[in-house]
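Enquirer: Pasting a structure here, questions to come.
The values are calculated or read from the model by the stated rules, or taken from the named source; none is laboratory data. Fair warning: this is a prediction, and the values are worked out from it, not measured in the lab. As a convention, Cβ positions derive from the backbone with ideal geometry for all residues, glycine included, and neighbour counts pool all protein chains shown. All accessible areas refer to the heavy atoms of the entire protein, side chains included, with ligands and DNA or RNA removed. Shrake-Rupley method; radii C 1.70, N 1.55, O 1.52, S 1.80 Å.
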Amino acid sequence: MDTILPKPKTSPKDFFLHFGAVITLYVSAISLINLLFEVINTAFPDALENYVDPYSYTMRLSVASLIILYPLYLFLMRTIRVDVEAHPEKREVGIRKWLTYLTLFIAGIAVVVDLITLINTFLGGEISTRFVLKVLVVLVVAGIVFGYYVYDLKVTTSVNLKVIRAFRWGTLALVLVSIIGSFFVIGSPMKQRDLRFDERRTSDLQTIQWQIINYWQQKGVMPKTLADLEDPISGFTVPTDPQKVYQYEYTVGSKSNMFSLCATFSAESPTGTNYYPQNESWNHGVGKVCFDRAVDADLYPVRLKQF
């Protein structure tokens, strides 16, 4: 006659181990989906999309989340597995059952919604390679999570445990490949730093340009040097290059309404109709680039003083 084991109570250790594992799983799955979405967006750009972030903030955040949280998830799951092997009755602990079925429910809903969206889009005649790939990403990630936890509920032998370990190694390989692939899109951390410096330079030049136009409207002439723009009352100080290696350069043009601004850039500016924040008038290459401007007197008329 089989001995009926008493139903175990959920200890604080059980609660935090299982709850932490589920949270790290959810965040890791969402980060992996977002990461793959961004890779797909870059590989298959859509002309209807308003913009693409050239600084890849979403992708960088997803990579950072996966690097920290997915190993933590694997560690927590291993800790839980060791604990369950030492105390088989803990397979029936309440928090484990609740969170497992909650995960199955969420993964199942994600798969169903994903398939409905695919069919609805197909019937609307809007299927594209980019869309199909995103649907497959959600289907694969949610399917892996669903399959893993369904199988985990049935684990009773060491053979099954080997299959569970194979699932974990497979998902780890998927995460690693996704992270490595993302670096081909966002580039190295040094490249990202160069882009941020160049973003600052472009913003500084835009600020200086508007101050020059304002000076022109107020006095009817271009400032002789950038120092003429500084105003202790308004508090404006001419910005300087963030890396301090080179300085912004300003020269008056051949006509009274013309001027030129120059800066030395670290990288080529992202170009394309759906990149932001700078427009085509501030596109630049690597090294020293000058931007020639001519102030339109009709758009920016000189404000004549009344005596």
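Enquirer: For the chain, what is the mean residue ellipticity at 222 nm derived from helices alone (per DSSP H run of n ≥ 4: -39500 (n - 2.57); sum divided by total residues; nearest 500 deg cm²/dmol)?
Expert: That calculation yields -21000 deg cm²/dmol at 222 nm.
Enquirer: Tell me which residues come under 5 Å, amide H to amide H, from Val221 once H is placed; ignore anything under 5 positions away on its chain.
Expert: So Val221 has HN proximity to no qualifying residue.
Enquirer: State in Å² the accessible area per residue of the chain; use a 1.4 Å probe, count heavy atoms of protein chains only, and round to the nearest integer.
Expert: Value returned for the chain: 61 Å² of accessible area per residue.
Enquirer: Hey, with R₀ at 25 Å, roughly what FRET efficiency would Tyr101 and Phe44 work out to, going by the Cβ-Cβ distance, to 0.05?
Expert: 0.10
Enquirer: Between Tyr57 and Leu174, what is 0.36 nm times their sequence separation minus the Cα-Cα distance? Round to one decimal in nm.
Expert: 40.0 nm is the gain from fully extending Tyr57 to Leu174.
Enquirer: Another one. Calculate one ³J(HN,Hα) per residue across region 213-228 by plugging θ = phi - 60° into the Karplus curve 6.51 cos²θ - 1.76 cosθ + 1.60, and present them in order as whole Hz with x for glycine and proline.
Expert: Result, ordered by residue: 5, 5, 4, 4, 5, 7, 10, x, 9, 7, x, 6, 9, 5, 4, 5 Hz.
Enquirer: So, R0 is 41 Å and r is the distance between the beta-carbons of Lys191 and Leu136; what FRET efficiency does that work out to, to 0.05?
Expert: For Lys191 and Leu136, the calculated efficiency is 0.90.
Enquirer: Suppose we flag GluC sites (Glu not before Pro) only when DSSP calls them loop and at most 15 other Cβ atoms lie within 10 Å. Which is the longest uninterrupted stretch of the chain?
Expert: My reading of the result: 127-229 is the longest stretch.
Enquirer: How many nm is it between the label spots at Asp296 and Phe236, if each spot is 7 Å from the Cα in line with the beta carbon?
Expert: Here the modelled spin labels are 2.1 nm apart.
Enquirer: Here are labelled values, (i) 1.19; (ii) 0.99; (iii) 1.38, and one is the computed Rg/Rh (Cα atoms, Kirkwood Rh) for what I pasted. Which one?
Expert: Comparing each candidate, only (i) matches the computed number.
Enquirer: Can you give me the % of accessible surface on the chain that is carbon or sulfur? Probe 1.4 Å, all protein chains present, nothing else counted.
Expert: 64 percent
Enquirer: Tell me, which longest segment in the chain has none of the trypsin sites (Lys or Arg not before Pro) that fall in DSSP loops with at most 11 further Cβ atoms within 10 Å?
Expert: 10-153
Enquirer: Run the numbers for Val245 and Phe19: contour at 0.36 nm per residue of separation, minus the present Cα-Cα distance, in nm.
Expert: Full-extension gain reported as 76.3 nm.
Enquirer: Please work out the FRET efficiency for the pair Leu123 and Lys224, using the Cβ-Cβ distance as r and a Förster radius of 51 Å; give the result to the nearest 0.05.
Expert: So, using R0 = 51 Å, E works out to roughly 0.15.
Enquirer: Gap in Å between the Cα centre of region 10-26 and the Cα centre of region 72-146?
Expert: Result: 17 Å between the Cα centres.
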